[in-house]
DNA sequence: AAACTGACTGTTA
DNA sequence: GTAACAGCCAGTT
């Protein structure tokens, strides 16, 4: 097996496992990936996703239950979440206790 | 190799 | 409720 075990690959695998209609946080993904202090790097991986990726990156939000993106990007993520039934207010705030995914 | 960057988080005030 | 700071650590220059 020539498969490498790189940080981005672990992140991609975890994000791919977030169920439809659920969300999780950067910190939780980092913890599941085995680098509990690498929440920032999780954001870095998602930011650099290959164009055309089918990963549900929009299901990842911050620990306060808010979308971390701004401007047009925030709006895109909000629309993607609304489209799968996640309630997001106009500021990008989500009821984390209600939609949180526990891997 | 070294410096810089940042889709984060916890603490402090 | 806000804002400022300091750790954090993998990717990019």
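Among A:93, A:54, A:22, which one shows the biggest mean-square fluctuation in a GNM of chain A, springs joining Cα atoms closer than 10 Å? Fluctuation is largest for A:54. Fewest neighbouring Cβ atoms within 10 Å first, the residues A:86, A:15 line up as A:86, A:15. Treating each Cα of the stretch A:7-99 as an identical point scatterer and summing with the Debye formula, the log10 of I(q)/I(0) at q = 0.19, 0.21, 0.22, 0.24 Å⁻¹ comes to -0.84, -1.04, -1.15, -1.35.
Extension gain for residue A:4 to residue A:51 (0.36 nm times residue separation, less C-alpha to C-alpha distance): 14.8 nm. Against chain A, whose longest principal axis comes from its Cα atoms, helix A:7-16 is set at around 50 degrees. Reducing the stretch A:14-46 and the stretch A:52-78 to their Cα centroids gives an inter-centroid distance of 12 Å. Counting other Cβ atoms within 10 Å as a rough exposure proxy, the listed residues A:87, A:97 run A:97, A:87 from fewest neighbours to most. In plain terms, the residue of A:94, A:29 with the fewest other Cβ atoms within 10 Å comes first and the most crowded comes last, giving A:94, A:29.
We did not get these values from a lab; they are worked out from the coordinates using the rules stated. Since the structure is predicted, the reported quantities are computational estimates derived from the model, not experimental observations. Note that each Cβ is placed from the backbone with ideal geometry, even for glycine, and that neighbours are counted across all protein chains shown.
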